[in-house]
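*Asks:* I have a structure here, written as structure tokens, and I will follow up with some questions on it.
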Amino acid sequence: MPDNLKRLVNIRSPFFAPRGRRVIVTAAVLGWAVFELVTGSPGWALLFGAAGAWCYYEFFLVFDPDNYKDHDNG
């Protein structure tokens, strides 16, 4: 995977270390999944629901603050 793409999809970025940001992102993604479901787009709802579940898992269930420190050696 190219380095630029790795940075784009890196959910363990130091940006997400504060709890407030993690809550907002997770709520926004899950909220969008509900919106898509209500408006009759189950495919998009499933996609955003899966992304929200992934955020919830990474940000709250297996959260380790050491994973969110800046490890840039360059």
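Since every read-out is calculated from the coordinates, none of them should be taken as a lab result. Remember, it's a predicted structure, so these values are computed and weren't measured experimentally. Ideal geometry is used to build each Cβ from the backbone, glycine not excepted, and the neighbour counts take in all protein chains shown.
*Asks:* With (1) exposed (fewer than 14 other Cβ atoms within 10 Å of the Cβ); (2) in contact (Cβ under 8 Å) with a residue 24 or more places away in the chain as the list, and Arg22 as the residue in question, which single condition is left unmet?
*Replies:* Answer for Arg22: the failing condition is (1).
*Asks:* For the stretch 36-54, does any single residue satisfy the condition of being within 21 Å of Asp70 (Cβ to Cβ) and touching a helix residue (DSSP H, G or I) at 6+ places or on another chain (Cβ under 6 Å)?
*Replies:* no
*Asks:* May I ask you to list the residues in the stretch 1-31 that are in a helix (DSSP H, G or I) and either touching a Gly at 6+ places or on another chain (Cβ under 7 Å) or hydrophobic (A, V, I, L, M, F, W, C) (or both)?
*Replies:* Across the stretch 1-31, the qualifying residues are Leu5, Leu8, Phe15, Phe16, Val23, Ile24, Val25, Thr26, Ala27, Ala28, Val29, Leu30.
*Asks:* Next question, about the same structure. Within the stretch 4-19, how many residues are exposed (fewer than 15 other Cβ atoms within 10 Å of the Cβ), of a type in the set (D, E, K, R) and under 20 Å from Ala53 (Cβ atoms)?
*Replies:* So the answer is 1.
*Asks:* Would you be able to say whether some residue in the stretch 34-50 is surrounded by fewer than 13 Cβ atoms within 10 Å (Cβ to Cβ), in contact (Cβ under 8 Å) with a residue 24 or more places away in the chain and out of contact with any Leu (no Cβ under 7 Å at 6 or more places or on another chain)?
*Replies:* Within the stretch 34-50, none of the residues are surrounded by fewer than 13 Cβ atoms within 10 Å (Cβ to Cβ), in contact (Cβ under 8 Å) with a residue 24 or more places away in the chain and out of contact with any Leu (no Cβ under 7 Å at 6 or more places or on another chain).
*Asks:* Then there's this: Please identify the pairs in which a residue from the stretch 1-16 that is in contact (Cβ under 8 Å) with a residue 40 or more places away in the chain has its Cβ atom under 7 Å from the Cβ atom of a residue that is among the aromatic types (Phe, Trp, Tyr) and assigned to a helix (DSSP H, G or I), counting only partners at least 6 apart or on another chain.
*Replies:* Qualifying pairs under 7 Å: Arg12/Tyr68; Pro14/Tyr68; Phe16/Phe59; Phe16/Tyr68.
*Asks:* Say we look at the stretch 51-64 and pick out the residues that are free of Cβ contacts under 8 Å to residues at least 40 places away in the same chain and in a helix (DSSP H, G or I); which of these is surrounded by the most Cβ atoms within 10 Å (Cβ to Cβ)?
*Replies:* Checking each candidate, the answer is Gly52.
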